[in-house]
Structures are given as structure tokens and as C-alpha cells.
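One structure below.
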Amino acid sequence: THNYANPFLVNPSIITLDRRPEVNAMLRQQWTGINNGPQTVQLDIQYPVDPKISVGINLYNDQTIVLSSSGELATFGYKVRLSSRHILGFGLSGGFISNQIDLDDVPDVDLIDPVLLNSTNNFGFDGQFGMHYRNRNLILGVSLLKLVDNRPFKEGTIQNDKFDPFKDRAAMLGYRLNVSPDLFLQPTLYYRAIYTGYEYYEGSLL
């Protein structure tokens, strides 16, 4: 999922982690060669107002077969310096999400599914919260990525479950090892869970 390249996407508190302005863009095409394969387009801008405060904006569009989700999130980040080596960061994002459902290519025989039959386009609020601890080259972060219930489909087993913001969560642990003035190694471990109950672990070396 390439979260190592831009951890801000899974934790809003990691905004301007290197204390400098950032612009990140991503185009991800999955299942290449298969019709209607999932595709994500994303752009974010991060800006440090001062050593403690950062602001940012994240725009994205995610297309998955019949569902297209577009959103905009504005982020406010605040860092507390506990000492010269220890920093505690917080981040809160808020914005909007639009879910568009396209059933034109769905065979008629499948439209009797009540989940599809009763699905409608919707527009709602979205929000995320994250925090992280940093000790020089070590960083540990946790985040909640769905503070608002904006699930696109109104029926089905998952949708009938009570919304719980703690089901859509992420955690990361990373360390930057400076090998020389011009070279560093950064191993990172990620944990991710989504409201459907799916969980995965991911590792990377940058």
C-alpha cells in the first residue's frame, strides 16, 4: 500500500514529519488488465506554520468496481516537545466524502441483491485522529481513520453492525538508522484494520 512513502495518509499527526512543506501525489492502479480494477488518485499538501503547528489538505478519489468515493480532508497538527529528544504529536482531520454508485455495468440478475437494489449516492462528513511519539530516529504512531459513519451501502451484514470508530485503525513503528551523512536505512512496520473486520500487517525498508 506504499504507506512508508507517505505515512500521513494513515496518521494525520505525522503531518510535516521532517518539519518542511510537502506535496505528495499518488496514482495506484490495481489488477492491471482487468476491467474495473481498483484505482486511487490522491494529492496532499502539508505546511508547517511554526515548530508546533502544521496544516494540510488531502484530496482523493478511490474507484472500486461499482463504487467511487471522493473526499477532501483538512488537517490540523500540533506537536508537544516533552524534552530535547522526546516529541508527542497529535493530528485531527475533518472534511467531506461523496460516495457514487454506478450500477450500469451490473448484470440484471445481480440487481436483485438488496445491498445493490437499495444503494444510493450519498454525501457526508469524514474525520480522522492520530497521535505519535518520536524519540530522535524512533517513531511510534496510532490512529483512528473513520470517526464518522459514512459507509456507502445501507444494507448487508457489515452495515447492520453498530458503527465503531475503533474498528478502522492503524499503527506504525519505524526507525531511521543513519549509516553515513548521505545514507540512511529506515525499516517500518504497519498494522491496519478496517470496519469489515479485515486486518493486515506490512513491512518495508526504505
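The values are calculated or read from the model by the stated rules, or taken from the named source; none is laboratory data. Small disclaimer: the values here were computed from a predicted structure and weren't measured. Note that each Cβ is placed from the backbone with ideal geometry, even for glycine, and that neighbours are counted across all protein chains shown. Please note that ligands, DNA and RNA were not included when accessible areas were found on the heavy atoms of the full protein model with its side chains. Shrake-Rupley method; radii C 1.70, N 1.55, O 1.52, S 1.80 Å.
Assorted remarks:
- Given (1) part of a strand (DSSP E or B); (2) buried (at least 16 other Cβ atoms within 10 Å of the Cβ), index of the condition LEU147 fails: (1)
- Top-ranked residue in the range 187-206 [being out of contact with any Ser or Thr (no Cβ under 9 Å at 6 or more places or on another chain) and of a type in the set (A, V, I, L, M, F, W, C); ranked as least open to solvent (accessible area, probe 1.4 Å)]: ALA193
- Residues (assigned to a loop (DSSP other than H, G, I, E, B) and in contact with a strand residue (DSSP E or B) (Cβ under 9 Å, 6 or more places away or on another chain)) located in the range 156-206: PRO165, PHE166, LYS167, ASP168, ARG176, GLN186, ILE194, TYR198, LEU206
- Evaluating ILE112 against the criteria (1) more than 28 Å from LEU185 (Cα to Cα); (2) at pLDDT 90 or above leaves one unmet condition, (2).
- Restricting attention to the range 57-66, the residues that are over 15 Å from the mean Cα position of the chain (by Cα) and among the aliphatic types (A, V, I, L, M) total 2.
- Subset of the range 1-56 (residues that are within 18 Å of the chain's Cα centre (by Cα), open to solvent by 80 Å² or more (accessible area, probe 1.4 Å) and of a type in the set (S, T, N, Q)): GLN29
- The range 1-37, subset at pLDDT below 90, in a loop (DSSP other than H, G, I, E, B) and of a type in the set (A, V, I, L, M, F, W, C), residue nearest to LYS52 (Cα to Cα): LEU17
- Any chance VAL66 is in contact with a strand residue (DSSP E or B) (Cβ under 8 Å, 6 or more places away or on another chain) and either basic (Lys, Arg) or under 30 Å from ARG176 (Cα atoms) (or both): no
- Within this structure, SER93 passes the test of being closer than 25 Å to VAL148 by Cα and small (Gly, Ala, Ser).
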